[in-house]
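Taken together, the values in this text are just the output of simple stated rules run on the coordinates, not laboratory data. This is a predicted model, so every value here is computed, not measured. Here the Cβ positions follow ideal geometry from the backbone for every residue, glycine too, while neighbour counts run over all protein chains shown.
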Amino acid sequence: MKLRLPPKIKVLEAAAAVADGRVHLDTPEKGYAQVISSDGSRTYIVYVSEDLKEACSTDNGTVHRGYIGYPIIAVLMLRGVLPYDERVGTALAGINWRRLNEKYKRYFIVEKIIKNIASKRGVNEEIIEQFKENVYSKLKGLNIYLSTKCRS
């Protein structure tokens, strides 16, 4: 099964994970990584094949909704496959994405909140939007299929 494109906000959540240092490439030669959730309560196992043809993650978006979850995007950023902007990541660091997503249940509301936070930290909405669209356009160019390597 081909993984679908995620909601665009997942690009920003991935950048925050990278900035927070929550992405750990345990065994890069084997393609595995671990990504810790924004509230620290969960650790996602991520696998991305070297040729970028297969990936999986134990996050809800990948497992239950069949899209490329933010942990996969974060790993692709750290590997240099997808762009990463340190200014954007730093502006989004330390945000409890899980709490916001559960509280508001609508990505457009969460995105407004995080853009407001970033703006207060000196990174305006246009920079965030440009980064998000740039990464998303690169993500569109990848054809990633769901791997079975994340099953226990």
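Overview of results
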quantity: Those lysines that a straight Cα-Cα span of less than 19 Å connects to Lys30, excepting residues fewer than 8 apart in one chain; calculated: Lys53, Lys149
quantity: Of the trypsin sites (Lys or Arg not before Pro) in region 108-152, those whose Cβ has at most 15 other Cβ within 10 Å and which sit in DSSP loop; calculated: Arg121, Arg151
quantity: CD proxy at 222 nm, helix term only [per DSSP H run n ≥ 4: -39500 (n - 2.57); per residue of the chain; nearest 500]; calculated: -14000 deg cm²/dmol
quantity: Extended-chain gain in nm, criterion 0.36 nm per residue less alpha-carbon gap, Lys53 and Ile109; calculated: 16.9 nm
quantity: Ellipsoid semi-axes in whole angstrom, largest first, where each is sqrt(5λ) of the Cα gyration tensor of region 9-146; calculated: 23, 16, 14
